[in-house]
1. Here is a list: A:Gly78, A:Gly59. Which entry is at pLDDT 90 or above and small (Gly, Ala, Ser)?
2. Could you pull out the residue among A:Arg387, A:Arg395 that is assigned to a loop (DSSP other than H, G, I, E, B), open to solvent by 30 Å² or more (accessible area, probe 1.4 Å), charged (D, E, K, R) and under 17 Å from A:Ile320 (Cα atoms)?
3. Could you run through the range A:245-266 and say how many residues are surrounded by 16 or more Cβ atoms within 10 Å (Cβ to Cβ) and either acidic (Asp, Glu) or outside any strand (DSSP E or B) (or both)?
4. Check A:Phe535, A:Phe552 and return the single one that is farther than 19 Å from A:Leu157 by Cα, crowded, with 22+ Cβ neighbours inside 10 Å and within 12 Å of RNA strand B (Cβ to nearest atom).
5. Go through the residues of the range A:580-588 one by one and say whether even a single one is within 28 Å of A:Phe746 (Cα to Cα), open to solvent by 40 Å² or more (accessible area, probe 1.4 Å) and hydrophobic (A, V, I, L, M, F, W, C).
6. Kindly provide the set of residues from the range A:323-348 that are aromatic (Phe, Trp, Tyr) and either touching a helix residue (DSSP H, G or I) at 6+ places or on another chain (Cβ under 7 Å) or not in a loop (DSSP other than H, G, I, E, B) (or both), ordered by number.
7. Looking only at residues in the range A:66-112 that are under 16 Å from A:Ala741 (Cα atoms) and not in a helix (DSSP H, G or I), which one is most open to solvent (accessible area, probe 1.4 Å)?
8. Restricting attention to the range A:410-469, report how many residues are in a helix (DSSP H, G or I) and either touching a Lys or Arg at 6+ places or on another chain (Cβ under 9 Å) or more than 16 Å from RNA strand B (Cβ to nearest atom) (or both).
Amino acid sequence: MTTHPTGIPEKPSLDGIEARMMGHWDAEGVYRFDRTATRDAVFSIDTPPPTVSGSLHIGHVFSYTHTDTIARYQRMRGKAVFYPMGWDDNGLATERRVQNFFGVRCDPSLPFDPAFTPPAKADPKNQVPVSRPNFIGLCKQLVADDEVAFEELFRMLGLSVDWSYLYKTISDQCIRTSQQAFLGNLSRGEAYQHEAPTLWDVDFGTAVAQAELVDKEMSAAYHQVAFARTDGTGNIVIDTTRPELLASCCALVAHPDDPRFQPLFGTTVLTPLYGVEVPVLAHRLADPDKGTGVAMICTFGDLTDVIWWRELDLPTRALITRDGRFSQNEPEWIGSQAGLAAYAEIAGKSSKQAQKVVVEQLRAAGAMLGEPRPIQHPVKFYEKGDRPLEIVTSRQWYIRNGGRSAELRDVFLARGEQITWHPGHMHHRYSNWVEGLNGDWLISRQRYFGVPFPLWYPVDEHGEPDFDHPIAATVSRLPIDPSTDVPDGYSQVQRGQAGGFVGDPDVMDTWATSSLTPQIATHWVDDADLFGRVFPMDMRPQGHDIIRTWLFSTVVRAHYEHNALPWTDAALAGWILDPDRKKMSKSVGNVVTPMPLLQQYGSDAVRYWAASARPGIDTALDEGQMKIGRKLSLKILNASKFTLSFPTPAVGVGAGAGVTEALDQAMLARLALVVGDATAAFDGFDYARALERAEDFFWWFCDDYVELVKTRAYSGEGNPAAASALIALRVALDVMVRLFAPFLPFVTDEVWRWSQDGSVHGATWPTAAELTNMAGADANADALGPIGEVLAQVRRAKTEGKVSQRAVVEHVVITSSSDSCSAINSALHDIRDAGSIRAFEFVQSDADVVSCVVTLAEIDTAT
RNA sequence: GGGCGCAUAGCUCAGUUGGUUAGAGCACUGCCCUUACAAGGCAGGUGUCGGGGGUUCGAGUCCCUCUGCGCCCA
């Protein structure tokens with residue numbers, strides 16, 4: 001050991017510690033990934049790339065700290081830690097911000113304009129159309145500032161990221177990865193296109209995948225509508241919440257076992273207003289208890305309509321168009337002039353407007369019974385959308401994910417079994433989702449900004465695109481943008497011409513790119529050497545709310561591309577709740593920004609709060625915990641100052657060298673147990689338990705052990721008992737600082753540098769063996785219990801006597817078992833000095849409890 | 001309707017294969033300037049472990065059931 005006593009400040013302080021340590025870490029490259037390491041010596045982390053739109057909130061600090069503690073632990077265990085950061089600067093959030101900020105909108109049909117400058121003053125109502133490359137340029141410009149702020153925050157928080165491996169989802173590398181993976185899926189038949197009814201957000205103008213759906217309780221009303229039987233024997237009355245879709249009606253349906261309707265199956269009725277003849281059919285999904293027990297099937301009102309349409313082989317009578325309005329075209333299935341006239345009144349109207357009109361029309365025709373009855377029912381929304389989804393028929397790209405194949409579903413369920421989940425029960429969320437899939441993964445979006453499909457379509461002699469024969473880009477040309485790039489063998493002038501080509505206008509869903517973060521971070525497409533060293537990865541940290549999206553889709557892509565899991569372990573973080581235990585979200589307006597908290601309490605203190613939360617548990621924001629973290633950091637400073645202010649003891653080499661006192665040996669033995677527990681906890685990704693063990697020990701160490709050995713430690717050089725204390729103090733401090741290093745990287749490195757060269761974050765994780773060696777074979781951690789008990793009882797007597805803890809004790813009678821008595825006896829001098837005790841008396845008993853009768857010395861009142 | 005989780009002190013939470021008298025921090029109260037730390041230290045009270053039943057020598061812990069809350073899915 002070397003000593004730098006001059007490095008210890010007179011009054012240790014946490015002020016400015018973040019900037020000071022960050023300076024060291026940058027200069028020394030403490031967190032640089034060693035890319036000469038082979039796969040077995042690497043620990044690699046698939047960091048969630050935060051969405052760069054607006055600001056970070058305290059939830060980021062929370063979960064990223066959890067990951068960082070594990071990264072730091074693995075680094076100290078000798079692993080080359082591959083811990084990159086990514087920015088998710090692609091996607092809808094960025095697209096919307098750019099539109100509003102610059103007053104532009106993306107039009108992929110326009111050519112790139114190198115001289116383009118955005119309008120001086122943004123006019124959101126009069127957006128200037130720009131090409132996709134220009135639009136992407138503006139996106140990059142806008143997110144640049146945010147990314148600087150994000151990096152600053154994460155550095156301030158002390159994340160041990162190697163920033164030289166930073167990736168951005170908007171980058172060419174990401175686009176290439178995404179396109180190359182898609183082409184692989186296409187060539188192997190895992191991706192396919194299909195024309196089908198699709199859930200559609202009319203405001204965003206795009207199809208939406210199953211994983212992005214949310215149910216919202218909506219007010220609606222049942223309307224009773226009478227259909228006349230074609231045999232003239234009366235009416236069938238149905239209940240519907242969407243009477244405006246009557247023109248799309250292609251059948252009525254009731255449950256096959258419902259006796260009320262059994263005689264009617266196979267007969268036909270006429271739709272009111274339009275007079276279209278439709279059959280009455282049976283299907284098990286018709287609920288006899290809902291409304292009148294018979295429903296009308298429209299193409300398409302909801303997902304059940306789609307099932308009925310498919311399974312009952314009904315005609316398509318879709319009228320809602322992609323903008324959410326009723327088609328202007330006359331429906332060809334309406335034969336009568338009166339019917340067409342009725343429809344003309346809703347053509348071009350939105351669902352809501354049309355409903356009013358149709359209800360009036362039904363009333364006038366006498367086909368509506370009674371008044372609408374209000375109900376609450378769940379309605380499908382796009383998770384980012386504001387209006388209920390419609391269902392429209394369109395051509396889309398899909399990736400097979402088991403939603404249409406039990407065999408494939410089993411493959412992905414088996415993948416889920418192979419992942420180690422933290423906490424374990426999160427596995428159920430995955431299985432539950434995979435088992436409930438009801439369609440393949442829809443990856444195409446009718447948006448402008450995002451990763452374009454690397455595809456063109458030939459245009460036939462009539463000028464119609466031939467979607468069944470896509471022209472795929474060659475991999476060596478990636479990344480490409482089909483709206484500006486030209487397929488091999490064609491020229492730009494043939495774009496959109498008969499005999500020429502058109503680019504695929506769609507972009508991929510953001511999850512189609514996000515599902516490839518392991519491939520992106522490890523540079524699958526452009527650095528095979530790195531990829532071989534860090535893939536498959538070790539750890540995926542993420543929120544439990546996106547198991548069905550991010551986690552599952554990542555498993556799907558890695559399975560197809562590499563026939564492997566993307567990582568071995570998935571660590572699911574809980575949510576951050578506000579102090580009232582409500583989930584923090586932008587829409588609720590209870591989001592807390594982290595920087596002020598980092599500044600007020602210090603980064604270590606905020607990290608302490610985060611690391612105190614059990615893995616996967618939703619946790620309330622608690623500034624009280626941050627105060628405790630700050631207190632702990634200060635205590636580490638002061639305890640280190642105390643320990644290191646003694647002259648450096650001469651430490652012998654080998655077992656038991658220099659640690660001769662039983663109390664010191666027992667302390668080291670106890671610490672060895674703590675190290676064992678903390679190591680086991682970290683190996684199981686349970687950072688919180690590791691912290692708790694270290695912390696418990698540390699407070700006992702300060703409160704009891706240091707008080708016990710203080711006098712002996714001061715007793716001078718040349719005294720072997722004093723040297724024993726000094727060595728034990730040094731060794732314990734050294735180990736404790738390393739135990740705390742993953743949690744409190746700033747304060748631990750500060751005190752480490754007082755006595756050692758280099759950073760604690762480059763030091764090796766402590767082992768129980770190094771401590772048990774030093775403590776020797778006779779060390780007995782159990783002796784510490786009775787010793788602490790005596791100390792506590794002496795202190796209590798002084799407190800009750802309302803005297804200073806320095807007050808002298810005349811004598812103490814200790815009654816306990818012989819084991820306890822000998823334990824106490826082994827540290828008797830230390831107890832005597834710590835308690836200022838003049839005399840002891842021992843009484844042996846059978847009881848295992850230690851009881852002390854403390855007699856205080858007469859107080860000298862002559863002050 | 002199905003699945004998962006949670007329920008322990010006033011508050012926030014530990015309590016790992018069942019095992020002494022169920023713990024910590026915060027809050028509250030009192031004492032103490034003690035040469036690492038007053039942004040500190042020491043000491044103190046508080047529990048029908050959600051209800052009921054069962055297994056066991058022994059249950060906060062395992063099983064059943066009920067209640068309440070949260071999340072995911074249909």
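1. Going through A:Gly78, A:Gly59 in turn, the sole match is A:Gly78.
2. The unique qualifying residue is A:Arg387.
3. Here the count works out to 8.
4. When all the criteria are applied, what remains is A:Phe552.
5. No, every residue in the range A:580-588 fails to be within 28 Å of A:Phe746 (Cα to Cα), open to solvent by 40 Å² or more (accessible area, probe 1.4 Å) and hydrophobic (A, V, I, L, M, F, W, C).
6. Scanning the range A:323-348 gives A:Phe326, A:Tyr343.
7. Applying the filter and picking the extreme gives A:Arg77.
8. Adding up the residues that qualify gives 11.
The values are calculated or read from the model by the stated rules, or taken from the named source; none is laboratory data. In this text, all values refer to a predicted model and were calculated from it rather than measured experimentally. Here Cβ is always computed from backbone atoms with ideal geometry, including for glycine, and neighbour counts include all displayed protein chains. Just the protein is used for accessible areas: all its heavy atoms, side chains included, with ligands, DNA and RNA removed. Shrake-Rupley method; radii C 1.70, N 1.55, O 1.52, S 1.80 Å.
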